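S.K.: Here it is, the structure, as structure tokens.
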Amino acid sequence: MNGFALGAEQEEWCGQLRALAADRLRPLADKGEPGRVNRPLLAALGELGLLERVFTSGALELCLLRESLAYGCTEAETALALQGLGAHPVLSSGTPEQRARWLPEVRAGRAVAAFALSEPGAGSDAAALALEAVRDPGSKADADGYGGADGGEGGGWRLSGEKCWISNAPEADFYTVFARTGEGPAAKGVTAFLVPADRPGLSGEPLDMLSPHPIGRLSFDGVPVGPQDLLGEPGRGFRVAMDTLNRFRPSVGAFAVGMARAALDATVAYTAARRAFGGVLGDLQAVGHRVAEMATRTEAARLLVYAAAGAYDAGSPDVPRRSAMAKLLATETAQYVVDHAVQLHGAVALQRGHLLEHLYREVRAPRIYEGASEVQRTIIAKELYR
């Protein structure tokens, strides 16, 4: 890829992915239940080798993958992305034992991963999280296999509190959990843990959300964790979280671009054929100009996403700023494009089951999760004034 266009092989691969999403993955998605983990869909993503790509691809290839899947099947794109988000901390910061236990299952679509950062009182302000990890060197943790053998500083912790708005909860098989261990104030006292879903004291419930993918609440009632559950070092969990988000933020933008392109293509086709006022809608200057604006914004967002991904792959020091810009512009653009696509289609786009009705429900959440648009602007400003 040069600075302005994909190469022929990349374009061909993206076309294959769009066809695969529509022909193979869309039927599986349609059989799923909204708000529930679709395990047959995950298994297909594993069989096709697409989940493997989440962990072996560079940031640009991940963006192309997510954009192309989103164009044909948003459910498949989201299922794939959530596997990456939940398991990337294991890949980047996990022990050899943790990686061997969980990553092959995630890549095959047999184990469901989740990224548990947000809380009822700590959404956009992730450093304010309150889930508490209290030292527990007692014999019970040791007997259960969660504590250290010496019962001292090598002992375990007990997690108490709540997580909320967690994708794939409460059906995930394991959670990347961020808790306050108190090594320092704010972000400096956060530690990351890998917590299997069957750990005693861990429970959850689904939340009925606008977005069709599974989201839930988790409750931690003295959940035992030990040194072997750590992801990285104590007190360094916030870095684990931010490294994960920096990798995935450009590809959230790619997800948004995929939706915008699907809405744009549907609008061009519809306004070129829909007859009104003695011609077709596309002949009306107001309509043509609106579609032109939709196309221009979509292309600008696409290029910014690719540029941010390229910066990540190149190890550029300005990745946080570029990632924030890409997510901000792409998600806001997708909202604009889908909304105007609905307007140009009229009432037909509001019918349950219409592509645009589906995209209208899907497109709202990315402006909030993995850092709301306001958070992205704050990141950009801080980086500019650094």
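S.K.: So how strong a dipole does the stretch 159-220 carry about its Cα centre when Lys and Arg Cβ are +1 and Asp and Glu Cβ are -1, to the nearest 20 debye?
M.R.: 280 debye
S.K.: Next question, about the same structure. Hey, got the dipole for the chain? About the Cα centre, +1 on K and R Cβ, -1 on D and E Cβ, debye to the nearest 20?
M.R.: It comes to approximately 720 debye.
S.K.: While we're here: Output ³J(HN,Hα) for the stretch 331-348: one whole-Hz value per residue in order, computed from phi by the Karplus curve 6.51 cos²θ - 1.76 cosθ + 1.60 with θ = phi - 60°, and x for Gly and Pro.
M.R.: Couplings: 6, 5, 5, 4, 4, 4, 5, 5, 4, 6, 5, 4, 4, 6, 7, x, 4, 4 Hz.
S.K.: Go ahead and estimate [θ] at 222 nm for the chain from helices alone: -39,500 (n - 2.57) per DSSP H run with n ≥ 4, summed, over the residue count, rounded to 500.
M.R.: -17500 deg cm²/dmol, from helical runs alone.
S.K.: Residue by residue through the stretch 168-173, what is 3J(HN,Hα) from phi via Karplus (6.51 cos²θ - 1.76 cosθ + 1.60, θ = phi - 60°)? Round to whole Hz and write x for glycine and proline.
M.R.: With the stated coefficients, the stretch 168-173 comes to 6, 7, x, 9, 5, 8 Hz.
S.K.: By the gyration tensor of its Cα atoms, with a ≥ b ≥ c the square roots of the eigenvalues, what is the shape of the chain: rounded for a/c under 1.5, prolate for a/b over b/c, or oblate?
M.R.: Cα axes put the chain in the prolate bin.
S.K.: Just want the answer: with Cβ charges of +1 for Lys and Arg and -1 for Asp and Glu, which residue in Asn168, Ser373, Ile215 is farthest toward the dipole's positive end in the chain?
M.R.: Working it through, the farthest residue towards the positive pole turns out to be Ser373.
S.K.: Here is a further query. Longest span of the chain, sites excluded, free of chymotrypsin sites (Phe, Trp or Tyr not before Pro) in DSSP loop with at most 12 other C-beta atoms within 10 Å?
M.R.: Answer from the scan: 5-276.
S.K.: For the stretch 8-108, what does the alpha-carbon gyration tensor say about shape, rounded, prolate or oblate, given a ≥ b ≥ c as the root eigenvalues, a/c under 1.5 as rounded, and a/b over b/c as prolate?
M.R.: Note, shape of the stretch 8-108 comes out oblate.
S.K.: If I fit a long axis through the Cα atoms of helix 74-93 and take the longest principal axis of the Cα atoms of the chain, what angle between them do I get, 0 to 90°, rounded to 10?
M.R.: Long axis of 74-93 versus the principal axis of the chain: about 30 degrees.
S.K.: Also, quick follow-up: Relative to the longest principal Cα axis of the chain, at what angle does helix 8-20 sit, 0 to 90 degrees, rounded to 10?
M.R.: Once rounded, the angle reads 80 degrees.
S.K.: For the stretch 199-270, rounded, prolate or oblate, judged on the Cα gyration tensor with a ≥ b ≥ c (square roots of eigenvalues), a/c < 1.5 rounded, else prolate if a/b > b/c?
M.R.: Because a/c hits 1.5 or more and a/b fails to exceed b/c, the stretch 199-270 counts as oblate.
S.K.: Now for a separate question. Taking other Cβ within 10 Å of each residue's Cβ, how do Ile368, Ile379 sort, fewest first?
M.R.: If I rank by nearby Cβ atoms, fewest first, I get Ile368, Ile379.
S.K.: Once you've got the GNM for the chain with C-alpha springs shorter than 10 Å, pick whichever of Ala272, Ala301, Ala81 has the biggest mean-square fluctuation.
M.R.: Ranking Ala272, Ala301, Ala81 by mean-square fluctuation puts Ala272 first.
S.K.: Short version: ³J(HN,Hα) in whole Hz for each residue of the stretch 186-199, in order, from phi by Karplus 6.51 cos²θ - 1.76 cosθ + 1.60 (θ = phi - 60°), x for Gly and Pro, what are they?
M.R.: 6, 5, 6, x, 9, 10, 9, 10, 9, 10, x, 5, 8, 5
S.K.: Just add up the charged neighbours of Pro206: K/R +1, D/E -1, any other residue whose Cβ is under 13 Å from the Cβ of Pro206.
M.R.: Once positives and negatives cancel, what remains is -2.
Read the figures in this text as sums done on the coordinates, not as results from a lab. The shown structure was predicted, so the numbers you read here are calculated from the model rather than taken from an experiment. Because the Cβ atoms are built from the backbone with ideal geometry, glycine has one as well, and the counts that use them run over all protein chains shown.
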